[in-house]
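K.L.:
Take a look at the following structure, please.
Every number here is computed from the coordinates shown, using simple stated rules; none is lab data. The structure presented is a predicted model; accordingly, all values stated were derived computationally and were not measured. Every residue, glycine among them, receives a Cβ derived from its backbone with ideal geometry; neighbour counts consider all protein chains shown.
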Amino acid sequence: MIGHLRLAALLVPLVLAGRAQAQAFDCHAARSTAERMICADRKLGALDDRLDQAYRSALDVAAAPADLRTAQRAWLKQRDACRAAACLTPLYQARLTALAATPRAATIAYRSADLGVTFPILANRQIRPCADERQCLEIFGLRFGQRLMLLRLQAVAAPLETAARDEAGFEFKAGRWVTTYGRFEPQIVQRFGGRGWKGMKATITCGVSDRDTGFHAAGGECLWAVLSNGPRSILATTDGYGEPEAATRDMLASLTFDR
C-alpha cells in the first residue's frame, strides 16, 4: 500500500555537529557577513531556525505560495545587507510578524462520489486518483515546504474491526489492539471518532526511500487509520514524513460519509 516515500530527514532544519544553535543553513557554506554573524551567535542562530520553521509552515498553507517565496527572497537580500547584530534582530522579528499574518488558502469541502465521503481541504492542495488502486484517491500539498502526498483514502467494503485487521495490519492481542506494521515495537492502536463514524489509528515508524540518498529503514512516520460508519470503511494512510497526524487531523476529523 505504501508508495514511494520521501525522506523525513530532508524536512528537518539542518543541525551542524558541535554547534548548540540550529540555524537553517550550513555554516560551512556561509558567505555573507550576516550569515557569519548568525553562525557565531547562539541567539541569532536560534532566531534564524525559528524563522525558517515559520516560513515553511506559512508556505504550507499560503493562499499565494509564489508571492510568499518572492517576499522571502526579497527579505533574504535585506538580511544579507546587514553588517551588525543590531540590524539583524529587528529584521527577523519583523519578518516573523509578517509570516504569522500570511493569508491562508481557503478551506473547501471536497466530495468524492467514488468513495462516498466529503472532507475539508485547503484550496492549495491537489487530489488525484491512486495509480494502482480502485476507489482510492491521494491528496497532495506542501509539508515543511516540500510537496508531498499528504494522505491516501481508500474505500473498503468491510466494518471497522475487519478493515482494521485486514487492511491496516492491526491485531487484537492480550485484550487490546496493536499494530503489526512498523520498524520497532508494536504500537497501541487508538480509538477516535467523528460525525456518524468510529475509527482506529496508529502512527508507526516506517522506512522511506529517497532518490538522492537511498533507502532509510526508520527515516519517517506513517499514519494508518480506519474510519467506519458501520458497513463501510475508509482506509487512511500516509507516506513517510514528520508528524503525519498534524497534517491530516483536520481532514479526518471532519470527514463525513455520504452513504
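K.L.:
Could you work out how far apart the two model spin labels at residue 113 and residue 87 are, taking each label as a point 7 Å from the Cα in the direction of the beta carbon, and quote it in nm?
P.N.:
6.0
K.L.:
Would you work out the charge dipole size for the chain about its Cα centre, treating the Cβ of every Lys and Arg as +1 and the Cβ of every Asp and Glu as -1, and quote it to the nearest 20 debye?
P.N.:
Here the size comes out at about 580 debye.
K.L.:
In which sequence would 252, 96 go, from the one with the fewest C-beta neighbours within 10 Å to the one with the most?
P.N.:
Listing 252, 96 from fewest to most nearby Cβ atoms yields 96, 252.
K.L.:
Sort out for me the Cα centre separation of region 81-126 from region 130-159, rounded to whole Å.
P.N.:
Their Cα centres are 22 Å away from one another.
K.L.:
Where does each of 221, 171 land when they are ranked from fewest to most other beta-carbon atoms within 10 angstrom?
P.N.:
Ordered by Cβ neighbours within 10 Å, fewest first: 171, 221.
K.L.:
Now a separate question. How tilted is helix 65-80 with respect to the longest principal axis of the chain? Cα atoms for both, answer in degrees (0 to 90, nearest 10).
P.N.:
30
K.L.:
Starting with the fewest neighbours, write out 197, 75 ranked by other beta-carbon atoms found within 10 Å of each beta-carbon.
P.N.:
The most exposed by this proxy come first: 75, 197.
K.L.:
Sequence neighbours fewer than 8 away in the same chain don't count; with that in mind, list the lysines whose C-alpha is under 21 Å from residue 201.
P.N.:
Correct list for residue 201: 173.
K.L.:
Working out 0.36 nm times the residue gap between residue 176 and residue 140, then minus their Cα-Cα distance, what length gain in nm do you get to one decimal?
P.N.:
Value of the extension gain: 9.6 nm.
K.L.:
So, one more: Round to the nearest 10 and give me the degree value, 0 to 90, for the angle of helix 85-100's Cα axis relative to the longest principal axis of the chain.
P.N.:
Between the helix axis and the principal axis of the chain, the angle is about 30 degrees.
K.L.:
From a point 7 Å beyond the Cα of residue 29 in the direction of its Cβ, which residues of region 35-73 have a backbone N at a distance under 12 Å?
P.N.:
Inside the label zone: nothing.
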